[in-house]
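Below is one structure; the comments refer to it alone.
The values are calculated or read from the model by the stated rules, or taken from the named source; none is laboratory data. Source: prediction; values computed, not measured. Cβ: placed from backbone, ideal geometry, glycine included. Neighbour counts: every protein chain shown. Quick note on the areas: whole protein, heavy atoms, side chains included, nothing else; ligands and nucleic acids left out. Shrake-Rupley method; radii C 1.70, N 1.55, O 1.52, S 1.80 Å.
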Amino acid sequence: MAVIIVLFLLSKPLFAQQHSNVLYGERDIHTDTGSIYLDKAGMIYPKVGIPNDELREANSSLQEWYKKNDKKFVEIARLYNCNFESYNDINAAILNDSIIETVTRNLNKTSTNTATFLIHGFRKPFDPQNGDSSSPEDFETLAATFKKFNSAKTKIVSVYWDALYGCCFSASGKKNKPLFELFELAQTHAEKTGNTLRKIVSKISKDTLNLISHSLGAKVALYALLDISKIPINTPKNSRVNICLVAPAISGDLIIENYMKRRPGNDISSADNYNLYIAYNEHDFVLRKKDNRIGIFGPGPYRYGNTTLGCNYRSAALKLQSQFNALFKFSGIKLYDLSNVGKCHLVSCYCFGNNLEKVLADMKYR
């Protein structure tokens, strides 16, 4: 979940003026070599420019755009060695898998023994809007912070997904409610994105795999690494899989109830290649879903999507650690109290100074 600045007195009620879906059809396809882009259904963007207005007219769906543009679909498919005569849903699924295979193959060509996937959260525009930072800005900050505190040579991959965007909170509860409902919808997008991302991370042939998420990006990461959706795709078997959740906008139950769900097997009775690193902040007003002035107004962390883990609400993070250690004796979990960050939910706040130094440094060791 990205920045939700709750200024009940000062914010402008611009929500109705914004397009809620975040589209990537007009990104610079020539200079971007280290990113993955996915639409609301988790379908991966081809390395082809597509007008965002056309995507918007196609219900912000790559599949619907393909269906409306049969000739272009055939041309794009040929770029990925798919020789179709026309569009149909099966051919679209085949093209999607072919793009995924191409992306995965290119990532595995890199010379490093580590791959690091960065995943943004809710309400992240691709370009700065209304004072909100963009996903490229957040990724630049996260990548620089990782390199500062973790000396491992790694291929950094930015995962852009349709986490929706809306502006802004106001003093009116009726006007705030659509943003909370938007967050609920983003949960579904996160799950579908994670399911697709598993097709990529499960085939990364590196010794170490890092997934670093902010806010609702935690749900993307967990759906990519755990078989929550029960889909026939293996989970990663790399020697070491580091799962770093910064201010995760999820509940601890999501981890406890699904941690054993691996494919093809789930035997972690004597060893586990997964390692959990969770940074929480008890004062994060976005995760607490309260106003950032006096902390009274707002629905709280249980409603409109459970966000209790990231703010350690009622000791959610500590309870998770206790349960986790009791249930998974050979698995690793570490908590980091970043309440010194204060009320801020921004990536830039969590990356400021030495806030993430111990978290990222610990990822180099078991």
Tell me which of these residue 22 doesn't satisfy, since it passes every other one: (1) under 29 Å from residue 144 (Cβ atoms); (2) aliphatic (A, V, I, L, M); (3) touching a residue at least 24 places away in the same chain (Cβ under 8 Å); (4) touching a Lys or Arg at 6+ places or on another chain (Cβ under 6 Å).
(4)
Does at least one position in the stretch 305-312 carry a residue that is assigned by the TED database to the domain that holds residue 225, touching a residue at least 12 places away in the same chain (Cβ under 8 Å) and open to solvent by 70 Å² or more (accessible area, probe 1.4 Å)?
no
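One line per residue, one yes/no per condition, for (1) surrounded by fewer than 13 Cβ atoms within 10 Å (Cβ to Cβ); (2) at pLDDT below 95; (3) touching a strand residue (DSSP E or B) at 6+ places or on another chain (Cβ under 6 Å):
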site: 293; (1), (2), (3): no, yes, no
site: 299; (1), (2), (3): no, yes, no
site: 321; (1), (2), (3): no, no, yes
site: 333; (1), (2), (3): no, no, yes
site: 348; (1), (2), (3): no, no, no
site: 354; (1), (2), (3): yes, no, no
Going by the conditions given, is residue 327 at pLDDT 95 or above, surrounded by 14 or more Cβ atoms within 10 Å (Cβ to Cβ) and of a type outside the set (Phe, Trp, Tyr)?
no
If we keep just the residues of the stretch 199-220 that are over 16 Å from residue 120 (Cα atoms) and either of a type in the set (Gly, Ala, Ser) or assigned to a helix (DSSP H, G or I) (or both), which is most open to solvent (accessible area, probe 1.4 Å)?
205
